[in-house]
Amino acid sequence: LFDDDPAPWELDAAAQQMLATVVLTTGPDNQYDYLVPDELLDARRPETLLEVGRRVRVPFGRGNRTAVGYCVALGVKEAPGRKLKSVAGVLDKQSLLTPHMLRLTRWMADYYLCPWGQVLEAVVPAGVRGQAGTREMTLLSLPTRVAARLTTLDVTDKQRAVLQALAASPKPLTLKQLATRVGCTSAPINTLRKQGLIESSVERLDQGELAALEVQRETPKQLNNDQTAVLTEIHRELDAAQHSTLLIHGVTGSGKTEVYIQAIEKVVSFGRQAIVLVPEISLTPQTVGRFRARFDHIAVLHSHLTDVERHRHWKRIAAGEVQVVVGARSAVFAPTPDLGLIVVDEEHETTFKQDSAPRYHARDVAQQRAADENVPLILGSATPSLESWQRAASGEYRLLSMPRRVNDWPMPAVRLVDLREDQNRRGSISRPLQQAMEHALRDGGQAILLLNRRGFSTHVQCPACGASAKCPECEIALTFHRHEQILLCHWCDHRQAPPRACPDCRSPAIRYGGLGTQKLEAEVQARFPKARCLRMDADTMRRPGSHEQALDAFRRGEYGVLLGTQMIAKGLDFPNVTVVGVINADTALNWPDFRAGERTFHLVTQVAGRTGRGEKGGRVLVQTFDPEHPAIAAAARHDYGAFARTELPQREALGYPPFGSMIRFVCRGENESQTSAVADQAVAEIRAAWGQLEQQQPDDPLRLRGPAPAPIAKLRGEFRYHLQATHPDGPRLKAAVKAALAKLTPPEGVRWVVDVDPWEM
Ligand code: ADP
Ligand code: ZN
Ligand code: ZN
């Protein structure tokens, strides 16, 4: 193109120009056109060739300032009236983004209301941008004309030896390699280079090798009937070569992973790649080992990789050398060249939602990516998110069920311990739980105690009837603020005095929740002086690797009791654990969040799945003041359907997801009145913007809750205020919020974030 043909834009140079459209990595969320100097279009110099997906340096702002941005489009365009500036240079030696990834990031920017440049920076790993673990090296080779007359050249014997060594080598050599082979200094080599008898080129090479793993191979299992039925459906979708979403609702141990693996075997047989997303906590050696045992080429992406490792994996994936990518959230951006399938296991897990910008949900991004690349998406869970469940109910997803455990193991029995019957108890361990632990320890088994605790926990609950104080508007638990002696709704700012007696049963024994792991540890030690107790929480597990070490010690039987927060609830498999106790299921239930019931259901179900894995069987005891609560009662019976049937109508009545889209706005600052003023302004602007949108339907009002102090009202010296907007029409809601945010004028020191489809409150 560049040598012979007249470039098309030269035909009418006055009106048409080659322009690069650039999205800056920081700064304004905009696209800018720049002229492209000819030397950046020279295909013979691939290292400086400007392509879509490479980063460039461009003049931006006043004076000689420059900025970095991604080239997102390149083409001949009508020249604008004003004079454009030129791209100053190309930063990458290859494109960092496929056209698919460009479209996906664009979609994310629109959907999550964040700058495109920010999304681009987030999806391309830093190690890839910086080419971590590579080094530029000068490689020496022999020009063909020299090779042809090697014997007749007029050179010294040493120099001839150098040339012969190069001729004998099947690939180019570094200076050091060549000198070592010949046994000479660099002097004769450099002389030959100066004379042009040796050619040199500069290349970027990997330093070191990724560690190779010894893997015990495994053959496919003979599937049972449920598994076969599900796999048949998946195969049909794969053969249809089109996008669809399958939701596999399968109890823990029903053999979902084996089904994923066999589905992926088919994808791999087509020469295509699969991505498997799992929660970070599931990236255990056990899970990873199962994939390694079945596929030759896999890449495992977790948060502890170094930049070098991440870069190496990225290149292997981009080159099509990897069949299966197994990874946490960000593996959804793996640059597979010919994607055939995406699997999201444990799709209900909160860790798929990123809690810093861009605040994306990997399951929803996977959905978008699968649709764009026209491939099936499989979502799997024992306790699907109500979002996915509702989509299956409405026909958008196909629901496939695996209701039985492999080998017909029974589901573990869950016993609810009604704390209302045990009011004179001192401490946090009820009599039934104490007895169960005694039996377990006496028989050489182990016990796990789960204390559900988050940041703070000060709900108000009646120990006589189990009722807890809820906001009359939001149906969300009120939070007790000791200092001001009030009950506060952290969503709509409803405030009321703490009751003296229970409003339901008139019992005066109303009490305030809240218990720490240390206090529980002291209680365990007092009651079981002979058992060693291992405490795991954010305080004791600060050092990297301490989590794994502690669990290994527990597995080896060095401790009788493991107690900890949510971090011990998932992904663990201890055959010797015969008792699991949930100390306070109600804390999850009373977290000020509309998903509290769903979280509680997940928690109890997950915990129950931790026992009964060995021959000894196992028992689960869940302590609660509210055993009739639908989430707790249904979890105890392993009855997801019953839970969904009671929870969904409540969500619908209040306009919560999955029936409404939700956007949360949080602002924070050291000055409380300035911070709350920005939240007030946001509310006013959203109302105004909503009012200006057309096609309003009177029966379809915007729901705005707040502003109110956030559930974590003060963090690191900053006050936090938030508000929440919900409406069934997501795009319209987003348009209003976007218009409103553009008008916000926060004073210095007040910052805000907007969270589309929020998960953690
Ligand atoms: P899930 O992912 O649904 O929790 P897994 O796939 O982990 O279930 O299966 C649970 C256990 O049963 C694993 O140890 C697995 O190796 C085993 N398993 C799965 N499918 C079969 C099968 N068809 N026959 C025998 N064992 C199986
Ligand atoms: Zn009561
Ligand atoms: Zn409220």
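Results for (1) within 16 Å of ligand 3 (Cβ to nearest atom); (2) surrounded by 20 or more Cβ atoms within 10 Å (Cβ to Cβ); (3) farther than 18 Å from Val332 by Cα, shown as yes or no for each residue.
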residue: His249; (1), (2), (3): no, yes, yes
residue: Ile264; (1), (2), (3): no, yes, no
residue: Val267; (1), (2), (3): no, yes, no
residue: Pro285; (1), (2), (3): no, no, yes
residue: Gly289; (1), (2), (3): no, no, yes
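Kindly establish whether Val276 is more than 16 Å from ligand 3 (Cβ to nearest atom), part of a strand (DSSP E or B), free of Cβ contacts under 8 Å to residues at least 60 places away in the same chain and not acidic (Asp, Glu).
So Val276 fails the test.
Evaluate segment 31-47: report whether one residue or more is at pLDDT 90 or above and among the basic types (Lys, Arg). For segment 31-47, residues at pLDDT 90 or above and among the basic types (Lys, Arg): absent. All conditions but one from (1) modelled with pLDDT of 80 or more; (2) closer than 29 Å to Met536 by Cα; (3) assigned to a loop (DSSP other than H, G, I, E, B); (4) of a type outside the set (Val, Ile, Thr) apply to Arg426; the one that does not is (1). The residue list Arg391, Arg442, Arg363 contains one member that is in contact with a helix residue (DSSP H, G or I) (Cβ under 6 Å, 6 or more places away or on another chain) and either at pLDDT 90 or above or on the phi > 0 side of the Ramachandran plot (or both), which is Arg363. Just one residue in the set Val580, Val604, Val622 is over 27 Å from the mean Cα position of the chain (by Cα) and either modelled with pLDDT under 90 or not in a strand (DSSP E or B) (or both); that residue is Val580. State which residue is nearest to Cys667 (Cα to Cα) when the search covers only segment 481-491 and only residues that are modelled with pLDDT of 80 or more and either within 16 Å of ligand 1 (Cβ to nearest atom) or surrounded by fewer than 22 Cβ atoms within 10 Å (Cβ to Cβ) (or both). Selected residue: Leu488. Scanning segment 313-329 for residues that are modelled with pLDDT of 95 or more, farther than 21 Å from Leu246 by Cα and touching a Leu at 6+ places or on another chain (Cβ under 7 Å) yields a count of 0. All conditions but one from (1) within 28 Å of Ala318 (Cα to Cα); (2) not in a helix (DSSP H, G or I); (3) not acidic (Asp, Glu) apply to Leu197; the one that does not is (1).
If you filter segment 457-476 down to residues that are more than 13 Å from ligand 2 (Cβ to nearest atom) and modelled with pLDDT under 80, you find that the one that is surrounded by the fewest Cβ atoms within 10 Å (Cβ to Cβ) is Glu473. The test for being surrounded by fewer than 22 Cβ atoms within 10 Å (Cβ to Cβ), modelled with pLDDT under 95 and within 26 Å of the chain's Cα centre (by Cα) holds for Leu715. From the list Glu233, Glu265, Glu218, the one residue that fits, being among the acidic types (Asp, Glu), modelled with pLDDT of 95 or more and more than 26 Å from the chain's Cα centre (by Cα), is Glu233. Residue-level check: of (1) at pLDDT 85 or above; (2) outside any helix (DSSP H, G or I); (3) acidic (Asp, Glu), Asp539 misses just (1). Of the strands (runs of 3 or more DSSP E) entirely within segment 322-414, those holding at least 3 residues that are away from ligand 1 (no atom under 16 Å from the Cβ) occupy 339-345. Filtering segment 221-247 to residues that are crowded, with 16+ Cβ neighbours inside 10 Å, out of contact with any strand residue (DSSP E or B) (no Cβ under 8 Å at 6 or more places or on another chain) and assigned to a loop (DSSP other than H, G, I, E, B) leaves Leu223, Asn224.
The values are calculated or read from the model by the stated rules, or taken from the named source; none is laboratory data. Computed from a predicted model, the values in this text were never measured in an experiment. Glycine gets a Cβ as well: all are built from the backbone with ideal geometry, and neighbour counts include every protein chain shown.
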